[in-house]
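Nothing in this text is a laboratory measurement; each read-out follows from the coordinates by a stated rule. All figures in this text were calculated on a predicted structure; none of them were measured in a lab. Virtual Cβ from ideal backbone geometry, glycine too; neighbours counted across all protein chains shown.
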Amino acid sequence: MSNITNPNAENYVVTSIATYYPQIVTLYVPNRAYDKIFTGRDTRDKGLSIRHNPEKTVQRSLRRTKKKIKDYVRINKFDLFTTFTFKDDRENVEKSKQKMSDWLKNQQKRTGKFEYLIVPEFHKDKKAIHFHALIKNYGGKLETAINPLTKRSVVQKGKQIYTFPSYKSGFSNAVKIDTDNDSHTKVALYLSKYITKDTPVFSNKNRYWASFGLLLPETEDNPEWYGKIKPLNQPYGIDYGVIYTFSAQQIKDYYAES
C-alpha cells in the first residue's frame, strides 16, 4: 500500500472521509486504510463473503441507496412531499413508470423546470404500485384537497393536503414541507424507509428517480481536522468502519482558529 496521503496525488491512502451537510459533518473511518487511485477505482478487498453472498450484496446496495436519498434530501431542501397512485394498470410496473414519466415531462414543459426525487412502493398486495416524490420549485397549480363526504378541506396531522389537478392517471396528494432542518431530516428518513429489496429498479439500475442537476454534499478524503476536534457523540458502526458526527460550526471554528 502506498504511503502517500496527499489528496492531490494520483495515488494516496484514504484513512477517513468527511461528508459536509449544512448543519452537520459526518466522518467515515474505515477499519482498514486503503489506496485510492486517480481513476477513482476503490481497491479495498471487500472479502469473499460479500462477493459470493448475493443477500449481503443486496443489503449493502440498499444501505448505499438509502444514504444517497438522505444526502439528496438534506442538501436540496425540497418543499413538497407527494404521492401518486394509478387507477388503471396499477399492477403493470412498466406502464405505471411511463405514466409517471409522461406527467413529469409534460409538467416540465408546461410549468417550467422543477426538481424531483421519486421512490416507488408496492401496495400491501405486493402487486399494485404507487410513487412517493419530493418536489422542489414546482410552478404548476395545486388545489386544496376536499373530503367528498364532508365537503371540508383535508387536514392530516395539522397539515393541509393538496392535489395536482394536472395529474389524471389516478390519485395525487401533496404536503408542504417545513423549512427547518429537523423537518427535512424526518422526510429523508421517511422516504428512505420505502427502499427495500422489493423496490422496482429503473432503467439506470437505481431504486429511485432523481432529476438532473440535484446537488449532493461535498466530501473530502483525510480532512486535516480529524483527530483535533471532539465528535458530538460516540461513533456507530457501518460497513467496514465507523461514523463520527460533528457540527458544521465546529469545523468552521477550527479553520478560523488555525
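Summary table
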{"quantity": "Dipole magnitude of the chain about its Cα centre (Cβ charges: Lys, Arg +1; Asp, Glu -1), debye to nearest 20", "calculated": "1100"}
{"quantity": "Cross-link table 105/126; 67/157; 105/186; 113/141; 141/176; 87/136, entries beyond 20 Å C-alpha to C-alpha", "calculated": "105/126; 67/157; 105/186; 87/136"}
{"quantity": "Environment charge of residue 179, counting only residues whose C-beta is closer than 12 Å and scoring Lys/Arg +1, Asp/Glu -1", "calculated": "-1"}
{"quantity": "Area projected by the alpha carbon convex hull of the range 78-178, averaged over all directions, nm²", "calculated": "6.9"}
{"quantity": "Evaluated at q = 0.21, 0.24, 0.30 Å⁻¹: base-10 log I(q)/I(0), Debye formula over Cα of the range 162-209", "calculated": "-0.99, -0.99, -0.97"}
{"quantity": "All aspartates and glutamates inside 17 Å of residue 159 as judged from Cα atoms, apart from same-chain residues fewer than 8 positions distant", "calculated": "79, 143, 178, 180, 182"}
{"quantity": "Rounded Å value of the spacing that divides the Cα centres of the range 121-194 and the range 205-258", "calculated": "30"}
{"quantity": "Among 130, 117, 104 - extreme Cα towards positive end, dipole of the chain, charges at beta-carbon", "calculated": "130"}
{"quantity": "5 angstrom amide H check on residue 238, placed H, neighbours 5+ away", "calculated": "243"}
{"quantity": "Proxy reagent accessibility, fewest Cβ within 10 Å first, across 207, 152", "calculated": "152, 207"}
{"quantity": "For the chain, the fraction of alpha-carbon pairs in successive 5 Å shells from zero, as %", "calculated": "1, 5, 10, 13, 15, 15, 12, 9, 8, 6, 3, 1, 0, 0, 0"}
{"quantity": "Neighbour-count order for 58, 187, 73, fewest beta carbons within 10 angstrom listed first", "calculated": "58, 187, 73"}
{"quantity": "Mean separation of Cα contacts under 8 Å, 6 or more apart, over the residue count of the chain: relative contact order %", "calculated": "28"}
{"quantity": "Order of 232, 191, 149 - criterion: other Cβ atoms within 10 Å of each residue's Cβ, fewest first", "calculated": "149, 232, 191"}
{"quantity": "Overall dimensions of the range 140-258 by Cα: Rg and Dmax, Å", "calculated": "21.1, 65"}
{"quantity": "Amide H contacts of residue 24 (H built 1.01 Å from N, under 5 Å, at least 5 apart or other chain)", "calculated": "248"}
{"quantity": "Mean residue ellipticity (222 nm) of the chain, computed from DSSP H runs ≥ 4 via -39,500 (n - 2.57), nearest 500", "calculated": "-8500 deg cm²/dmol"}
